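**Student:** Next up is a structure, given as structure tokens.
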Amino acid sequence: MANLKLRSTRLGVLDIGSNTVHMLVVDAAVGARPEPEASSKTTVRLMDHLKDDGSIKKQAVDALLAAVDDAMRLAEQYKVSQLLALATSAMHEAPNGNKILHRVEEVIGQRVTVLSGEDEARLTFLAARRWYGWDAGRLLMIDIGGGSLEVALGSDEEPTIAAAVNAGARVVTRDMLPDGMASAKDLDAAYKKVRKMIAPVVDAVPAEDYSSHAVGTSKAIRSLARLAGTVIHQPGARGRAVRGARAARGLDPAPRRDRTGPARRTARHHAGPRHDNRGAGIIAVEIMRALGINEIEVCPWALREGAILRWLDQYGRTRFGF
């Protein structure tokens with residue numbers, strides 16, 4: 001039997017989020033695992049630099065463009081032949097967002113695809129499904145980003161439900177928790193506000209589907225896993241995979257004063273505006289409480305891997321002659 005050698009292309013994924021600019025370089029081939037070749041991440045925190053009308057300030061725009069330029073240098077260094085440029089809807093929604101996106105496009109030399117919250121949920125769900133496989137059954141995917149919360153549910157690769165709200169870890173930390181130590185009153189108010197913010201996502205998930213296999217894909221959830229005392233195993237010499245972790249063991253889903261789980265302790269004790277785990281902990285507690293989830297399993301693949309897999313599905317077979 002002749003050996004079939006998969007032909008690959010050097011693919012770069014430029015992910016422009018509300019907090020970071022991330023470049024992921026992989027050798028992508030149909031039917032093969034998308035192994036990272038190189039990556040870079042620059043923190044820009046656009047949401048911390050907004051004018052009263054919601055426009056992004058010049059200093060943040062300059063930082064964003066510099067981060068994009070650095071990411072493109074990495075792509076050039078690794079001879080990327082195909083670039084997927086993605087931006088979250090948070091930038092697009094800013095009054096000067098389209099102008100900023102145009103300047104980004106001038107830097108990278110191509111169009112940027114702006115993803116809605118639902119688009120992000122679908123791509124991230126695809127990544128989770130491929131990671132866990134069909135045997136995992138129905139998946140309930142939860143992603144806590146800096147600017148938004150995404151939830152998707154389904155038994156196939158395309159979720160039957162994909163929903164998102166602007167309730168991210170940075171949003172909650174910045175807008176609802178004061179700098180320094182948060183009081184019990186501050187926390188109670190934050191929990192109530194988050195409960196209302198995530199209501200559209202909760203309402204989108206039928207009550208009978210709460211028993212689905214819950215997985216979390218974000219860095220925020222991985223951080224909460226560690227704070228909850230979970231050991232995260234990273235098999236392989238290069239530690240690319242995060243597998244077998246339970247992200248929310250011990251998180252208290254019931255917002256009661258006499259039961260303070262790690263997520264609440266995180267919100268209470270981490271001081272300063274940069275500790276977004278405070279906001280992430282509140283979101284995690286509320287979404288778990290609302291959906292009756294006791295445990296979330298960490299999935300190492302997320303939006304960028306989902307974008308790669310989607311690209312391979314849509315364009316890879318034609319490109320590679322399959």
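**Student:** State the number of residues belonging to segment 185-196 that are in contact with a helix residue (DSSP H, G or I) (Cβ under 8 Å, 6 or more places away or on another chain) and open to solvent by 30 Å² or more (accessible area, probe 1.4 Å).
**Tutor:** Final tally of qualifying residues: 4.
**Student:** Follow-up question, since we're still on this one. So, in segment 214-227, of the ones that are among the small types (Gly, Ala, Ser) and under 24 Å from ARG138 (Cβ atoms), which residue ends up surrounded by the fewest Cβ atoms within 10 Å (Cβ to Cβ)?
**Tutor:** The qualifying residue surrounded by the fewest Cβ atoms within 10 Å (Cβ to Cβ) is ALA214.
**Student:** Take segment 34-55 and flag every residue that is open to solvent by 70 Å² or more (accessible area, probe 1.4 Å) and either part of a strand (DSSP E or B) or at pLDDT below 90 (or both).
**Tutor:** Residues satisfying the conditions are GLU37, SER39, LYS41, THR43.
**Student:** Of the residues that make up segment 170-182, is at least one open to solvent by 30 Å² or more (accessible area, probe 1.4 Å) and farther than 24 Å from SER18 by Cβ?
**Tutor:** Yes: one or more hits.
**Student:** Suppose the filter is within 18 Å of LEU309 (Cβ to Cβ) and either within 17 Å of the chain's Cα centre (by Cα) or not in a strand (DSSP E or B) (or both); does GLU118 pass it?
**Tutor:** yes
**Student:** Shifting gears a bit: When segment 171-190 is examined, which residues are found to be in contact (Cβ under 8 Å) with a residue 12 or more places away in the chain and either under 18 Å from VAL151 (Cβ atoms) or not in a helix (DSSP H, G or I) (or both)?
**Tutor:** Of everything in segment 171-190, those that are in contact (Cβ under 8 Å) with a residue 12 or more places away in the chain and either under 18 Å from VAL151 (Cβ atoms) or not in a helix (DSSP H, G or I) (or both) turn out to be VAL171, VAL172, LEU177, ASP179, GLY180, MET181, ALA182.
**Student:** Considering (1) over 14 Å from HIS213 (Cβ atoms); (2) crowded, with 21+ Cβ neighbours inside 10 Å, say which one ALA152 fails and leave the rest.
**Tutor:** Unmet for ALA152, out of (1) over 14 Å from HIS213 (Cβ atoms); (2) crowded, with 21+ Cβ neighbours inside 10 Å: (1).
**Student:** Could you check segment 265-322 and list, in sequence order, the residues that are among the charged types (D, E, K, R) and at pLDDT 85 or above?
**Tutor:** Within segment 265-322, ARG278, GLU286, ARG289, GLU295, GLU297, ARG304, GLU305, ARG310, ASP313 qualify.
**Student:** Residue by residue through segment 100-155, note down the ones that are of a type in the set (D, E, K, R) and modelled with pLDDT under 95.
**Tutor:** ASP135, ARG138
**Student:** In segment 111-128, which residue that is touching a strand residue (DSSP E or B) at 6+ places or on another chain (Cβ under 6 Å) and not hydrophobic (A, V, I, L, M, F, W, C) is nearest to LEU303 (Cα to Cα)?
**Tutor:** Ranking the candidates gives THR124 first.
**Student:** Follow-up question, since we're still on this one. Could you check segment 170-189 and list, in sequence order, the residues that are hydrophobic (A, V, I, L, M, F, W, C) and within 19 Å of ASP143 (Cα to Cα)?
**Tutor:** If the condition is that a residue be hydrophobic (A, V, I, L, M, F, W, C) and within 19 Å of ASP143 (Cα to Cα), then VAL171, VAL172 are the ones that fit.
**Student:** Of everything in segment 191-205, what is closer than 21 Å to LEU153 by Cβ, in contact (Cβ under 8 Å) with a residue 12 or more places away in the chain and not hydrophobic (A, V, I, L, M, F, W, C)? Give them in sequence order.
**Tutor:** ARG195, PRO200
**Student:** For segment 127-149, give me each residue that is open to solvent by less than 20 Å² (accessible area, probe 1.4 Å) and over 13 Å from the mean Cα position of the chain (by Cα).
**Tutor:** Result: ARG129, LEU139, LEU140.
**Student:** Only one residue in ALA66, ALA87, ALA71 is buried (at least 19 other Cβ atoms within 10 Å of the Cβ) and outside any strand (DSSP E or B), so which one is that?
**Tutor:** ALA71 is the lone residue from the list that is buried (at least 19 other Cβ atoms within 10 Å of the Cβ) and outside any strand (DSSP E or B).
**Student:** Tell me, please, whether a residue that is modelled with pLDDT of 95 or more, touching a helix residue (DSSP H, G or I) at 6+ places or on another chain (Cβ under 9 Å) and over 17 Å from VAL285 (Cβ atoms) can be found in segment 163-179.
**Tutor:** Taking every residue of segment 163-179 in turn, at least one turns out to be modelled with pLDDT of 95 or more, touching a helix residue (DSSP H, G or I) at 6+ places or on another chain (Cβ under 9 Å) and over 17 Å from VAL285 (Cβ atoms).
The values are calculated or read from the model by the stated rules, or taken from the named source; none is laboratory data. Note that the structure is predicted; figures quoted are calculated from it, not measured. Cβ sites come from the backbone with ideal geometry, for glycine too, and all protein chains shown count toward neighbours. For accessibility, only protein heavy atoms count, side chains too; no ligands or nucleic acids. Shrake-Rupley method; radii C 1.70, N 1.55, O 1.52, S 1.80 Å.
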